[in-house]
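What follows is one structure encoded as structure tokens, with my remarks underneath.
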Amino acid sequence: MSSDTSAVRSFKSETEAHLARSKLESVGIKAIVHRFSRYRAIASGGFILKVHPKDLKRARALLSKIDGEVDMDEYVSSDDDTYLRCPKCDSVNVNTQPLTGGKRWLAILLIGIPLMFIKRSYTCRKCSHTWIG
């Protein structure tokens with residue numbers, strides 16, 4: 001790809017940037033991921049996805065369609081037991097709820113040791129079921 005490129009979007013993680021690049025290349029849009037310094041990457045969108053200027057409008061339109069959460073059930077085998085699953089619908093699309101109030105401060109003060117013993121709440125993104133695990 002020539003040096004004449006335009007930025008499509010910035011990403012906070014290199015993985016997200018390369019997934020977007022793969023998506024664009026799967027429809028014939030050549031793209032590259034440009035990485036800024038490690039510190040800029042941590043602070044704000046240090047990975048820039050770039051394409052040729054003639055593909056810019058099409059690339060932005062395609063990426064706007066795929067914004068949103070990925071359905072992990074499409075990628076994880078039903079017999080893979082390394083992922084936490086919803087007890088109601090067996091989906092791996094599970095969010096861990098953050099610790100609140102006293103539990104959070106206890107974990108901070110004791111350098112994370114209580115995290116091994118505190119039960120967390122989980123919510124399924126597919127069926128909205130919530131449980132404590």
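The values are calculated or read from the model by the stated rules, or taken from the named source; none is laboratory data. Values in this document were obtained by computation on a predicted structure and should not be read as measured data. Neighbour counts run over all protein chains shown; Cβ positions are idealised from the backbone, glycine included.
Among the residues of the range 72-101, count how many are in contact with a Lys or Arg (Cβ under 8 Å, 6 or more places away or on another chain) and closer than 16 Å to Cys124 by Cβ.
Summing the residues that are in contact with a Lys or Arg (Cβ under 8 Å, 6 or more places away or on another chain) and closer than 16 Å to Cys124 by Cβ in the range 72-101 gives 10.
Checked against the criterion of being surrounded by 10 or more Cβ atoms within 10 Å (Cβ to Cβ), modelled with pLDDT under 75 and part of a loop (DSSP other than H, G, I, E, B), the range 93-109 contains one or more residues that satisfy it.
Take the residues in the range 23-53 that are modelled with pLDDT of 85 or more and exposed (fewer than 10 other Cβ atoms within 10 Å of the Cβ), then tell me which one is farthest from the chain's Cα centre (by Cα).
Checked the range 23-53; the qualifying residue farthest from the chain's Cα centre (by Cα) is Gly28.
Asp73 is checked against (1) loosely packed, with under 13 Cβ neighbours inside 10 Å; (2) of a type in the set (Asp, Glu); (3) in contact (Cβ under 8 Å) with a residue 24 or more places away in the chain and fails just one. What number does that condition carry? Unmet for Asp73, out of (1) loosely packed, with under 13 Cβ neighbours inside 10 Å; (2) of a type in the set (Asp, Glu); (3) in contact (Cβ under 8 Å) with a residue 24 or more places away in the chain: (1).
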